[in-house]
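The values are calculated or read from the model by the stated rules, or taken from the named source; none is laboratory data. Being a predicted model, the structure only gives us computed values, none of them experimental. We place every Cβ from the backbone using ideal geometry, glycine too, and count neighbours over all the protein chains shown.
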Amino acid sequence: MPVTWDDEGVPKLAPGTAEVLQAATRMLAGVALRSLDALAAAVTLPQFRLLAVLADLGPVPSGQAARILGLDPSTVTRLADRMVTAGHVARGTDPRHRGVVTLRLTASGLALVAAADAWRRRELAQLMARLTPPEQEAVTSALAQLVSAAGDDYGLTAHRPIPLLSARLRRGGAAIFNAARRAVPPG
């Protein structure tokens, strides 16, 4: 299908495409959010995001973690304080720059990330099992193409922060976010 453009130079989507992609986004976000319920309230969503970054990148300076998460460094410091107290994160220093505080996962933190990942994989396997093998192959291929097309502009390697919540919600809308999270129907 040839690409068409609107008056502002933005590619147009075929009818229904945006709706399907948004529904898929909501479904995948729901899987991700419900995976935290499998952790028996051991961590909050922002705390888990920090753990996930550390699991993906290994030990990093706290400032780098803040940039990746799209959070203020002081917010990451508070998140790390709670995660250190809980035994999920350890602080260290960069041997080349002793003033730089680094964060790394402990065995406990790694176990939480692994448990959430295992739950997500099981849930996704159950969803995919509802499709025929050719449909499963088509979904996998289409999503792989979309991920490839997105390149480095999304995910942990994004060239800009990828905050989960807008700055407005981070400043005072936690109640709205928590209500929305509770609205996601259980598995």
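Results, tabulated for the structure shown:
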quantity	calculated
Qualifying residues in region 25-59 (those that are crowded, with 19+ Cβ neighbours inside 10 Å and more than 15 Å from TRP119 (Cβ to Cβ)) - the one modelled with the lowest pLDDT	PRO46
Neighbours by Cβ (under 6 Å, 6+ apart or cross-chain): first from region 128-146, in a helix (DSSP H, G or I); second not polar (S, T, N, Q)	GLN136/MET128
Identity of the residue in region 60-74, closer than 25 Å to LEU33 by Cβ and over 17 Å from the mean Cα position of the chain (by Cα), that ends up surrounded by the most Cβ atoms within 10 Å (Cβ to Cβ)	VAL60
Restricting region 79-97 to residues that are closer than 12 Å to LEU50 by Cα and charged (D, E, K, R), the residue that is surrounded by the most Cβ atoms within 10 Å (Cβ to Cβ)	ARG82
Close pairs from region 11-32: first within 24 Å of ARG120 (Cβ to Cβ), partner part of a helix (DSSP H, G or I) and charged (D, E, K, R), Cβ under 7 Å, at least 6 apart	VAL31/ARG120; VAL31/GLU123; ALA32/ARG120
Subset of region 39-96 [outside any helix (DSSP H, G or I) and over 16 Å from ALA107 (Cβ atoms)]	ALA40, ALA41, THR44, VAL60, PRO61, GLY70, LEU71, ASP72, THR93, ASP94, PRO95, ARG96
Failed criterion for VAL101 (all others in (1) out of contact with any helix residue (DSSP H, G or I) (no Cβ under 6 Å at 6 or more places or on another chain); (2) of a type in the set (Val, Ile, Thr); (3) at pLDDT below 95; (4) not in a loop (DSSP other than H, G, I, E, B) hold)	(1)
Criterion (over 26 Å from LEU143 (Cβ atoms) and of a type outside the set (Asp, Glu)) met by exactly one of ALA18, ALA52, ALA90	ALA90
Close pairs (8 angstrom Cβ cut-off, 6 or more residues apart or separate chains): of a type in the set (Lys, Arg) in region 76-88, assigned to a helix (DSSP H, G or I) and crowded, with 17+ Cβ neighbours inside 10 Å anywhere	ARG82/GLN47
